[in-house]
Amino acid sequence: MTYKIFEHDPGLLPYKNDIFLRMDNYARKKDELVGRDGKLYDFANGHEYFGFHKVAGGWIYREWAPAADEVYLTGDFVDWRWLDRLMTPIGNGVFEIFIEGENTLYNGCHVSAIIRRGEKLLQRIPLYIRRVEQDPVTFSWCGVIVDEPEYQWKKKSFTPKKDLFIYECHIGMAQEKEGLGTYTEFKDNILPKIKDLGYNTIQIMAIMEHPYYGSFGYQVSSFFAASSKFGTPNELKELIDAAHSMGIAVLLDVVHSHAVKNTAEGINEFDGTTYQFFHEGSRGDHPAWGTKLFNYNKNEVIHFLLSNLRFWMEEYHFDGFRFDGVTSMIYHDHGLGVAFTDYSKYFSMNTETEAITYLQLANELIREVNPKAITIAEDMSAMPGMCLPIEEGGIGFDYRLAMGSPDMWIKLIKDYPDEYWDMWKIWCELTGRRPAEKYIGYAESHDQALVGDKTIMFRLCDSKMYTDMSKSSNDPVIDRGMALHKMIRMVTMTLGGEGYLNFMGNEFGHPEWIDFPREGNGWSYFYCRRQWHLADDDNLKYGYLREFDKAIVGLSKENKVFKRKPKVLFIGNDDKVINYERSGLVFAYNFHPTNSYEGYYITVPSVGKYRVIFSTDDSAFGGYDRISKDYIYTAEKQADKKAKIRIYLPARTAVCLVKLK
């Protein structure tokens with residue numbers, strides 16, 4: 001048997017045994033879990049069985065604690081007594097108890113499990129609990145019963161758009177106030193902004209409950225609990241429902257790559273052992289993140305994680321997932337300090353084959369739940385086949401993040417004067433793809449906005465943003481920053497992928513960095529919010545950048561820019577010009593810091609009439625209106641047999657042209 005992955009990339013043929021091993025591992029594990037004809041959907045049912053469930057006459061609570069000698073239930077409904085609430089072992093490490101009376105447990109009731117293992121007594125938050133709260137006095141966390149009225153969905157079915165324009169966001173820091181934003185505030189205040197900008201997908205961070213706010217949601221403690229920091233489960237559902245009503249898909253930033261090491265708040269040592277969910281010894285500890293690493297070969301762990309995916313899709317109507325930390329998952333050394341310069345780096349004793357199998361199973365399950373769902377891999381290593389269908393020898397994701405693009409932009413801005421930027425390197429970085437795989441392009445995400453780093457606009461302008469963003473000010477640093485901010489985002493969006501991502505606020509050049517409340521900053525929220533008023537202030541230039549972003553998203557959507565691959569027409573490194581065609585649009589960029597070109601020849605696909613339909617130099621975007629949108633250009637073949645037009649192309653300006661019918 002052969003796989004289509006080798007047709008896409010014959011360079012993988014020397015590693016065909018590794019691909020065959022990938023597929024054999026997947027087939028063997030799937031058969032082990034569900035048999036030849038079984039469905040992963042039926043297997044991923046942990047949330048339907050474990051945890052708290054209201055039944056006729058009372059409640060059933062089940063827990064998986066295979067190393068426990070005894071398990072008890074306690075909570076404020078019994079004044080935290082526990083000896084009289086002994087759970088019954090029913091086999092395979094499962095304990096259950098029936099709580100008589102449908103009102104004995106109630107919405108908001110606090111509960112905990114008490115685990116006895118030998119002489120140790122451990123108080124633990126139930127594994128499948130759907131809400132967790134922190135006590136404002138003791139700061140301890142506790143499980144909470146959810147018994148809200150069943151949410152009535154207004155938009156019961158939803159189909160995401162095929163061309164993804166993703167707005168990466170964080171509920172807590174989405175508001176202007178110095179404090180925690182809520183699901184409801186996001187629904188009422190932020191969703192309309194996203195809709196107006198033209199983005200058709202939101203990717204929400206930090207939804208899965210996490211005890212430390214400053215972890216950005218990446219150290220998950222309770223996998224089935226929507227963070228109580230921002231509101232109730234039904235309020236999150238209202239947000240998602242409202243997004244769907246606006247035509248906006250909702251992706252969950254899912255963290256299955258690791259878990260918080262905390263025992264009182266998390267799943268670590270739930271039954272008194274590390275090996276319940278995680279590898280023992282050094283293999284179970286992430287050396288850089290200080291977190292616990294799952295044992296993806298253990299069927300009970302696969303059951304827990306797959307059930308988690310099905311739960312978020314069915315309970316909350318998420319349209320898919322961005323999988324965090326995929327590189328960390330699929331290599332024993334987590335990709336730390338590794339330069340993936342050749343295929344041998346992907347296929348060796350360093351490969352965590354069990355994690356790859358899990359990701360294949362996860363992608364298959366997600367399609368069983370919703371064939372239209374979207375999955376995105378955060379993999380900086382570019383593992384071959386990550387975004388190919390499983391039947392072709394792939395891992396099954398739809399997209400991978402183009403993680404090299406923001407790194408390139410930061411390096412250029414930070415280390416090279418403008419006149420030394422290499423146009424071919426920009427082209428190659430933005431167009432480099434694994435064959436037949438789709439990428440989400442982006443110039444910057446939340447990673448580039450964190451304290452210790454800088455956003456593109458802040459890196460370009462720095463302290464001038466505090467003093468010279470007024471429309472009455474004419475500062476060359478700000479002019480350069482705004483011009484390059486627009487050009488970088490335009491070329492990344494229209495060249496760098498088959499989808500596009502932006503982190504909230506970066507579209508208008510949000511100043512400063514993100515710094516979560518912590519002891520070192522006096523637990524301040526000042527840098528952990530979005531200053532939307534900057535873009536709304538008619539006296540400031542931020543609004544120009546917002547209008548530009550809205551316009552370039554609209555242009556790209558209207559012309560289905562992701563539909564076809566880009567084709568290079570001309571690159572002039574000395575002139576600092578990039579010229580290409582994509583989906584019927586012709587783009588030309590002059591990155592030169594000082595040279596404006598009068599009568600510059602740019603290449604077009606064919607002879608005929610052309611007109612500029614978009615320019616970064618428009619006054620509506622803070623430019624100088626030096627490019628006419630009325631003038632009709634005539635393309636004629638030149639001595640090199642290529643069709644060209646002559647155009648005025650000012651320094652630090654980009655244009656988009658279309659051929660007239």
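Among the residues of segment 237-261, what is the count of those that are in contact with a strand residue (DSSP E or B) (Cβ under 9 Å, 6 or more places away or on another chain) and either in a loop (DSSP other than H, G, I, E, B) or within 17 Å of TYR167 (Cα to Cα) (or both)? The qualifying residues number 17.
The rows are residues; the columns are (1) crowded, with 21+ Cβ neighbours inside 10 Å; (2) of a type in the set (D, E, K, R); (3) at pLDDT below 95; (4) under 23 Å from ASN502 (Cα atoms).
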site	(1), (2), (3), (4)
GLU547	no, yes, no, yes
ARG564	no, yes, no, yes
VAL568	no, no, no, no
GLY584	no, no, no, no
ALA588	yes, no, no, yes
PHE591	yes, no, no, yes
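Are any residues in segment 608-634 hydrophobic (A, V, I, L, M, F, W, C), free of Cβ contacts under 8 Å to residues at least 60 places away in the same chain and either under 19 Å from ARG546 (Cβ atoms) or in contact with a Lys or Arg (Cβ under 6 Å, 6 or more places away or on another chain) (or both), and if so, which ones?
Pass one, segment 608-634, residues hydrophobic (A, V, I, L, M, F, W, C): 612-614, 620-621, 627, 632.
Applying the additional criterion that residues be free of Cβ contacts under 8 Å to residues at least 60 places away in the same chain yields 612-613, 627, 632.
Those that are hydrophobic (A, V, I, L, M, F, W, C), free of Cβ contacts under 8 Å to residues at least 60 places away in the same chain and either under 19 Å from ARG546 (Cβ atoms) or in contact with a Lys or Arg (Cβ under 6 Å, 6 or more places away or on another chain) (or both): VAL612, ILE632.
In segment 342-354, is there at least one residue being modelled with pLDDT of 95 or more, out of contact with any Pro (no Cβ under 6 Å at 6 or more places or on another chain), open to solvent by less than 10 Å² (accessible area, probe 1.4 Å) and not in a loop (DSSP other than H, G, I, E, B)? No.
Against the list (1) open to solvent by 10 Å² or more (accessible area, probe 1.4 Å); (2) at pLDDT below 95, the condition ALA449 fails is (1). Residue check: ILE602 meets all listed conditions (1) within 28 Å of TYR542 (Cα to Cα); (2) buried (at least 22 other Cβ atoms within 10 Å of the Cβ) but one, namely (1).
Yes/no per residue for (1) assigned to a helix (DSSP H, G or I); (2) open to solvent by less than 10 Å² (accessible area, probe 1.4 Å); (3) of a type in the set (D, E, K, R):
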position	(1), (2), (3)
HIS485	yes, yes, no
THR494	yes, yes, no
PHE526	no, no, no
GLU581	no, no, yes
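Among residues of segment 299-317 that are surrounded by fewer than 18 Cβ atoms within 10 Å (Cβ to Cβ), those with a Cβ under 9 angstrom from a residue that is among the basic types (Lys, Arg), sequence gap 6+ or separate chain, pair up as ASN299/LYS29; GLU315/ARG130; GLU315/LYS237.
Would you mind finding the one in TYR167, TYR199 that is open to solvent by less than 10 Å² (accessible area, probe 1.4 Å), part of a loop (DSSP other than H, G, I, E, B) and in contact with a helix residue (DSSP H, G or I) (Cβ under 7 Å, 6 or more places away or on another chain)? Please lay out each step first, then the result.
Values: TYR167 fails: part of a loop (DSSP other than H, G, I, E, B).
Checking each option against the conditions leaves just TYR199.
With the requirement that a residue be in a loop (DSSP other than H, G, I, E, B) and under 30 Å from TYR580 (Cβ atoms), what does segment 453-483 give you? Those that are in a loop (DSSP other than H, G, I, E, B) and under 30 Å from TYR580 (Cβ atoms): ASP453, LYS454, THR455. In the set (1) open to solvent by less than 20 Å² (accessible area, probe 1.4 Å); (2) out of contact with any strand residue (DSSP E or B) (no Cβ under 6 Å at 6 or more places or on another chain); (3) farther than 21 Å from LEU460 by Cβ, PHE614 fails one condition alone, (2). One residue stands out among those in segment 116-131 that are in contact (Cβ under 8 Å) with a residue 40 or more places away in the chain and part of a strand (DSSP E or B): the one that is surrounded by the most Cβ atoms within 10 Å (Cβ to Cβ), which is ARG124. None of ILE376, ILE390 is more than 19 Å from VAL255 (Cβ to Cβ) and among the β-branched types (Val, Ile, Thr) except ILE390.
The values are calculated or read from the model by the stated rules, or taken from the named source; none is laboratory data. A quick note: this is a predicted structure, and the numbers were derived from the prediction, not measured. Please note: Cβ atoms are built from the backbone with ideal geometry, for glycine as well, and neighbour counts cover all protein chains shown. Just so you know, the surface numbers come from the protein's heavy atoms only, side chains and all, with ligands and any DNA or RNA stripped out. Shrake-Rupley method; radii C 1.70, N 1.55, O 1.52, S 1.80 Å.
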